[in-house]
1. When you go through (1) under 15 Å from the mean Cα position of the chain (by Cα); (2) modelled with pLDDT of 90 or more; (3) over 15 Å from Lys83 (Cα atoms); (4) open to solvent by 60 Å² or more (accessible area, probe 1.4 Å) one by one for His14, which number turns out not to apply?
2. Quick one: would you say Lys83 is on the phi > 0 side of the Ramachandran plot and open to solvent by 30 Å² or more (accessible area, probe 1.4 Å)?
3. So which residues in the stretch 28-43 are in contact with a helix residue (DSSP H, G or I) (Cβ under 7 Å, 6 or more places away or on another chain) and in a loop (DSSP other than H, G, I, E, B), if there are any at all?
4. Being open to solvent by 40 Å² or more (accessible area, probe 1.4 Å), at pLDDT 90 or above, of a type in the set (D, E, K, R) and over 26 Å from Ala19 (Cβ atoms): is that true of Asp94 here?
5. Just wondering, is there one or more residues in the stretch 53-60 that are among the β-branched types (Val, Ile, Thr) and either assigned to a helix (DSSP H, G or I) or open to solvent by 30 Å² or more (accessible area, probe 1.4 Å) (or both)?
6. Would you point out the residue of the stretch 97-120, among those that are open to solvent by 100 Å² or more (accessible area, probe 1.4 Å) and within 22 Å of the chain's Cα centre (by Cα), that is farthest from Val77 (Cα to Cα)?
7. In this structure, is Val66 surrounded by 17 or more Cβ atoms within 10 Å (Cβ to Cβ) and part of a helix (DSSP H, G or I)?
8. Can you confirm whether Lys74 is over 22 Å from the mean Cα position of the chain (by Cα), open to solvent by 90 Å² or more (accessible area, probe 1.4 Å) and either modelled with pLDDT of 80 or more or closer than 18 Å to Leu39 by Cα (or both)?
Amino acid sequence: AGAPLMDMEMIQYHPTTLAGNAVLGVCGIGNPDSFMTALEEHVKELACSMVYGDHHPFTPDDVRDVLIQTRDSKAQVIVMTEKDWVKWQPAARDVRDGMVIPVYRPALRISFLKGEAQIDQMLGQLATTPEVVDEHPGNIA
């Protein structure tokens, strides 16, 4: 059993989903400023942000702290990176506090402005090329 949070299945969002909501931004990534800046560009109000160290292993105590900050800042939704959500989800299952708050993650996609067909072709070739195993690792040929 877990928290009555709406993040158990996690919702991918389009920025317009957040347009009318005060948001709490949460991240534990190497460059948190870029995430928070992008978030600020797409929300009505960034009520608060919580930044953890890169590769932060979220614990139930962290989840409780985020929920307390969400309540105190009057945020209506939480937004975090997908990388953080993967670590958040198991910790959130262990928290029971009666608070229902949606937790969103941005759906990111990579696209190339030029050369996409060539890149796809190279990746296809790599996928079908047999792996070469060095029988003498460490030797310089």
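The values are calculated or read from the model by the stated rules, or taken from the named source; none is laboratory data. Worth saying up front: this structure is predicted, and the values here are computed from it rather than measured. Cβ sites come from the backbone with ideal geometry, for glycine too, and all protein chains shown count toward neighbours. To get the accessible areas, we keep the full protein, side chains included, count just its heavy atoms, and leave off ligands, DNA and RNA. Shrake-Rupley method; radii C 1.70, N 1.55, O 1.52, S 1.80 Å.
1. (2)
2. Details: on the phi > 0 side of the Ramachandran plot: no; open to solvent by 30 Å² or more (accessible area, probe 1.4 Å): yes.
Spelling it out, it is not the case that Lys83 is on the phi > 0 side of the Ramachandran plot and open to solvent by 30 Å² or more (accessible area, probe 1.4 Å).
3. Initial filter on the stretch 28-43 (in contact with a helix residue (DSSP H, G or I) (Cβ under 7 Å, 6 or more places away or on another chain)): 28-29, 42-43.
Correct list: Gly28, Ile29, Val43.
4. Working: open to solvent by 40 Å² or more (accessible area, probe 1.4 Å): yes; at pLDDT 90 or above: no; of a type in the set (D, E, K, R): yes; over 26 Å from Ala19 (Cβ atoms): yes.
No.
5. Within the stretch 53-60, the first condition is being among the β-branched types (Val, Ile, Thr), and the residues that meet it are 59.
Keeping just the survivors that are either assigned to a helix (DSSP H, G or I) or open to solvent by 30 Å² or more (accessible area, probe 1.4 Å) (or both) gives 59.
Within the stretch 53-60, one or more residues are among the β-branched types (Val, Ile, Thr) and either assigned to a helix (DSSP H, G or I) or open to solvent by 30 Å² or more (accessible area, probe 1.4 Å) (or both).
6. Of all residues in the stretch 97-120, those open to solvent by 100 Å² or more (accessible area, probe 1.4 Å) come to 108-110, 113-114, 118.
After this cut, where a residue has to be within 22 Å of the chain's Cα centre (by Cα) as well, the list is 108-110.
Details: Leu108: 19, Arg109: 22, Ile110: 26 Å.
Checked the stretch 97-120; the qualifying residue farthest from Val77 (Cα to Cα) is Ile110.
7. Details: surrounded by 17 or more Cβ atoms within 10 Å (Cβ to Cβ): yes; part of a helix (DSSP H, G or I): yes.
Yes; evaluated as a whole, the condition is true for this residue.
8. Working: over 22 Å from the mean Cα position of the chain (by Cα): no; open to solvent by 90 Å² or more (accessible area, probe 1.4 Å): yes; either modelled with pLDDT of 80 or more or closer than 18 Å to Leu39 by Cα (or both): yes.
The answer is no for Lys74.
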